[in-house]
Amino acid sequence: MSEYKAAIKKFRTFRDDLTSTFQVLENTPEAGDRMKYADSYVFKIRIGVRGSGIGKSGGYRLIYHVDQARLVITPLTLYFKRDIENIAVSELGSRLSKLAKYIEDRPTLIAPPSPPEILH
């Protein structure tokens, strides 16, 4: 089960919490913290879970890539801070490589029809 599906099953407000986060990112793509190791535009944003007593510091983390040329935000991973302290750099590198390959194979595509299967 993907982390997204697990989150909406566990927390009934999570879908709205994530939607609100994407609305923020739509207006301010670099709202998250830039990942220090990444040469490209990779950011991490913290997401709290309303009504559960779980704030941003102990909630979910969304790591995403901003393609400024195409004006596209692509989620790379979503994880619950209580389950995973930090995502491995090698895992992020692998997902970013898959995204780069996806973009390279579609040079004229304005935006992907759906995110590449890197969230699983």
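The values are calculated or read from the model by the stated rules, or taken from the named source; none is laboratory data. This one's a predicted model, so the numbers in the text were calculated from it and none came from an experiment. Cβ placement follows ideal geometry from the backbone for every residue including glycine, while neighbour counts extend to all protein chains displayed.
Details
- Enumeration of residues in region 1-29 that are in a loop (DSSP other than H, G, I, E, B), within 15 Å of the chain's Cα centre (by Cα) and surrounded by 12 or more Cβ atoms within 10 Å (Cβ to Cβ): Pro29
- Residue in region 36-57 that is assigned to a helix (DSSP H, G or I) and of a type outside the set (Ser, Thr, Tyr) present: no
- Within region 58-101, the residues that satisfy the criterion of being assigned to a strand (DSSP E or B) and among the hydroxyl-bearing types (Ser, Thr, Tyr) are Tyr60, Tyr64, Thr74, Thr77, Tyr79.
- Residue pairs whose Cβ atoms lie under 9 Å apart, sitting 6 or more positions apart in sequence or on different chains, and linking a residue in region 62-82 that is at pLDDT below 85 and surrounded by fewer than 16 Cβ atoms within 10 Å (Cβ to Cβ) to a partner that is part of a strand (DSSP E or B) and acidic (Asp, Glu), do not occur here.
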